[in-house]
Amino acid sequence: METLKIFGVRLKALRKERRIYQREMAELLKVTLRHYQKIEKGEINIPTLTLCTLADYFGVSTDYLLGRTEER
């Protein structure tokens, strides 16, 4: 599976674990709902700072989000 797809799958799983709606995530990242949905589908590459924001928010490493490790 390619990196963007893995990222989307992991992001979605983390969001659901916390019972957060996509709209709330979009607001956190200051993007539209549709843009966030494309991120979760692995259709959009995100800026490095956004990746770091998400990793900090969920308490995981950027490598975990990108599928480079299984260790959160």
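Couple of notes before you dig in:
- For the range 27-72: accessible area per residue (Å², 1.4 Å): 65
- Where only DSSP H runs of four or more residues are counted, the chain gives -18000 deg cm²/dmol as its mean residue ellipticity at 222 nm, each run worth -39500 (n - 2.57).
- Share of carbon and sulfur in the accessible area of the chain stands at 49%, probe radius 1.4 Å.
- A simple charge model with +1 on the Cβ of Lys and Arg, -1 on the Cβ of Asp and Glu and nothing else charged puts the dipole of the chain at about 320 debye relative to its Cα centre.
- The chymotrypsin sites (Phe, Trp or Tyr not before Pro) of the chain that meet both conditions, a loop assignment by DSSP and at most 16 other Cβ atoms within 10 Å of the site Cβ, are Tyr21.
- Label reach from Leu51 (point 7 Å along Cα→C-beta): in the range 10-28, amide nitrogens under 17 Å belong to 10-12.
- Only one residue of Gly67, Thr32, Pro47 has its Cα farthest out toward the positive end of the dipole of the chain, where Lys and Arg carry +1 and Asp and Glu -1 on Cβ, and that residue is Thr32.
- Take every Cα pair under 8 Å whose residues are at least 6 apart in sequence, average their separation, divide by the length of the chain, and the relative contact order is 38 percent.
- FRET E, pair Lys30, Arg68, Förster distance 30 Å, beta-carbon r, rounded to 0.05: 0.70
- Taking GluC sites (Glu not before Pro) in DSSP loop states with no more than 14 other Cβ atoms inside 10 Å as exposed sites, the chain has its longest site-free stretch at 3-42.
The values are calculated or read from the model by the stated rules, or taken from the named source; none is laboratory data. Because the structure is a prediction, the values reported are computed rather than measured. Neighbour counts run over all protein chains shown; Cβ positions are idealised from the backbone, glycine included. Please note that ligands, DNA and RNA were not included when accessible areas were found on the heavy atoms of the full protein model with its side chains. Shrake-Rupley method; radii C 1.70, N 1.55, O 1.52, S 1.80 Å.
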